[in-house]
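Reading through the structure tokens given below for one structure.
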């Protein structure tokens, strides 16, 4: 995790192509780094992979997939069927499977301190269940769009983390939520204190400011 975030703050290494997207999933049992490439020039992809392998720890296992975009979308969504008949899936208008989860999110413009990373790992290891953390790089192409161009102001942060748990019942939900909050708070102080997810997190005081930052008053004026 330290090497991954160091990679994002290293200007020469992290100057990736706009065709490439890198994200890291952290679970209790393992860490998985996925590199998605949407271009057609494989020299660009191979050079990037070589650079990352030289920088990050040696992986225990690597996999390579080459897919058309529709296969990729359906497999990522979890609604692909064994036949690979995507036309049928489209005609049936299948949607995402329904399940209950809670997610929180934080943006960062500086690396998480070693002390807080250690605390984060200890709290992650202490729980019973599964929390998924997704570390998503930011900045890059996003920062080329002016902040005032859209309602979304968070364009210059370096990366974000989404914390997510799923629960089976009410008692399990309380335990999982407590665990989620402990992990979240371990790295909260190093964050920008800003966030953006696709629903309102009622645990966050003044969520309008946390989500919309400098655009909060503009959005209120538009609404009224």
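The values are calculated or read from the model by the stated rules, or taken from the named source; none is laboratory data. This one's a predicted model, so the numbers in the text were calculated from it and none came from an experiment. Glycine gets a Cβ as well: all are built from the backbone with ideal geometry, and neighbour counts include every protein chain shown.
Going residue by residue through region 134-145, is there one that turns out to be at pLDDT 80 or above, buried (at least 17 other Cβ atoms within 10 Å of the Cβ) and farther than 18 Å from residue 5 by Cα? Within region 134-145, not a single residue is at pLDDT 80 or above, buried (at least 17 other Cβ atoms within 10 Å of the Cβ) and farther than 18 Å from residue 5 by Cα.
Could you tell me whether region 40-51 includes any residue that is out of contact with any strand residue (DSSP E or B) (no Cβ under 9 Å at 6 or more places or on another chain) and surrounded by 15 or more Cβ atoms within 10 Å (Cβ to Cβ)? Taking every residue of region 40-51 in turn, at least one turns out to be out of contact with any strand residue (DSSP E or B) (no Cβ under 9 Å at 6 or more places or on another chain) and surrounded by 15 or more Cβ atoms within 10 Å (Cβ to Cβ).
Conditions (1) within 26 Å of residue 10 (Cα to Cα); (2) assigned to a loop (DSSP other than H, G, I, E, B), marked per residue:
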| position | (1), (2) |
| --- | --- |
| 162 | yes, no |
| 172 | no, no |
| 182 | no, no |
| 194 | yes, yes |
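Considering region 1-108, there are no qualifying strands (runs of 3 or more DSSP E) wholly inside with 1 or more residues that are over 21 Å from the mean Cα position of the chain (by Cα) and at pLDDT 80 or above.
In the set 154, 194, only one residue is in contact with a strand residue (DSSP E or B) (Cβ under 6 Å, 6 or more places away or on another chain) and at pLDDT below 85; that residue is 154. Scanning region 146-164 for residues that are touching a helix residue (DSSP H, G or I) at 6+ places or on another chain (Cβ under 6 Å) and surrounded by 13 or more Cβ atoms within 10 Å (Cβ to Cβ) yields a count of 6. Just a yes or no: is a residue in region 165-181 within 30 Å of residue 20 (Cα to Cα), at pLDDT below 85, exposed (fewer than 13 other Cβ atoms within 10 Å of the Cβ) and in contact with a helix residue (DSSP H, G or I) (Cβ under 9 Å, 6 or more places away or on another chain)? No.
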